[in-house]
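Presented below is the structure to which this report refers.
The values are calculated or read from the model by the stated rules, or taken from the named source; none is laboratory data. Every value quoted in this text rests on a predicted model; they were computed, and no experiment measured them. Don't worry about glycine lacking a Cβ; one is built from the backbone with ideal geometry, like all the others, and counts go over all protein chains shown. Accessible surface areas use protein heavy atoms only, side chains included; no ligands, DNA or RNA. Shrake-Rupley method; radii C 1.70, N 1.55, O 1.52, S 1.80 Å.
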Amino acid sequence: MSAQQSAKGIWIMVITMFFFATQDGLSRYLAGEYNVYMTMMIRYWFFAGFVILWSARSSGGLREAMRSAQPKLQFFRGALLALEVIVMVIGFVKLGLVESHAMFAIYPLLITALSGPILGEKIGWRRWLSVAVGFVGVLIILQPGRGVLSPAAIYPLAAAAMFALYGLLNRYVARKDPASVTFFYTGISGAIVMTLIGVWFWVPMAPKDWGLMLILCGLATMSHYLLIRAYELSEASAIQPFAYLQLAFASALGVLVFGDVIKLNVALGAGLVVGAGVFALVRAQMVAARSRR
């Protein structure tokens, strides 16, 4: 993998995180104006369409993409992601983009903490220390001792726990299924679950908001395509730290568009969470490299 390809992958990852943050802003607006269930249902319809077209053009076609050694687990994993998106968008509406993303950033550390009991991976004391530091960061954001803990904080924290479990299940199913199968089930199972939920919450949408919905669906489709391209061009270890840019982009969008306020405790807590997450990621890569040698 050349240095030029790696640099291109990093830039694509940066653009992808900007698109993800923009999606979050549009989701917050549309879910607030209408409801989160219908909004996410339409978004998943477009995503499922993209997944079907992508799978049909790949080697082996749709038949190969549907062939899983663990279809029930794959369906559960995709459904879990769809439900996590619902919970997170509710958090955007109730709490705002800034604080929601600041708390959601704990999910890589939750993956680290849970990878031992769920996947049987050995976690050293340095990574356990990073998990502890990350949770201190969350406590700084929540300020539980000052009587300002918002009940809405449960939404991004629950979404982080759900997304961490989703990430662990991704690694688990990868032991038997190729990435193409996992990608197919992500879109299809999510669309099925969202349709079963969202169809009961359908309400008429204004023409101007249909335009925003189409932009949201287009960004969601493009984001997933760019994410795939980023991982094709660069190693995961090179681009994964840039995923935290979504927090920065979403916070800027929250302040400039929705009038969110970045409080000092949120900035300090988010800094600790992100720093601990990057350290845990780098440490995991060092351990993996040592094992390969």
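Cα centroid distance between region 76-98 and region 27-74, in Å?
16
Whenever you get a sec, compute what percent of the accessible area on the chain sits on carbon and sulfur atoms (1.4 Å probe).
Using a 1.4 Å probe with all protein chains present, the chain comes out at 69 percent carbon and sulfur.
I want to check a number: in the chain, how many lysine pairs have alpha carbons closer than 28 Å, given a sequence separation of 8 or more or different chains?
Count of close lysine pairs: 5.
If you filter region 133-217 for trypsin sites (Lys or Arg not before Pro), then keep DSSP loop positions with at most 15 other Cβ within 10 Å, what is left?
R175, K176
Given contacts defined as C-alpha pairs under 8 Å and at least six residues apart, what's the relative contact order of the chain, whole-number percent?
This gives 42 percent for the chain.
Could you give the alpha-carbon Rg of region 180-238 over 2.2 N^0.38 Å, rounded to two decimals?
1.49
Taking 35 Å as R0, compute the FRET efficiency from the Cβ-Cβ separation of V203 and A161 and round it to 0.05.
0.70
Rounded to whole Å and sorted largest first, list the principal axis extents of the Cα atoms in region 148-201.
Largest to smallest, the principal-axis extents are 46, 29, 10 Å.
Averaged per residue, what accessible area in Å² does region 166-215 show with a 1.4 Å probe, protein chains only?
Solvent-accessible surface per residue comes out at 54 Å².
Each residue of region 207-215 in order: what ³J(HN,Hα) in whole Hz does its phi give by Karplus 6.51 cos²θ - 1.76 cosθ + 1.60, θ = phi - 60°, with x for Gly and Pro?
Computed from phi, the couplings for region 207-215 are x, 5, 6, 5, x, 5, 5, 5, 5 Hz.
Sticking with the crude label model, points 7 Å out along Cα→Cβ, report the distance from V257 to R126 in nm, one decimal please.
The modelled label-to-label distance comes out at 3.9 nm.
Any chance you could run the full-extension gain for Q5 through I52? It's 0.36 nm times the residue separation minus the Cα-Cα distance, nm to one decimal.
14.2 nm
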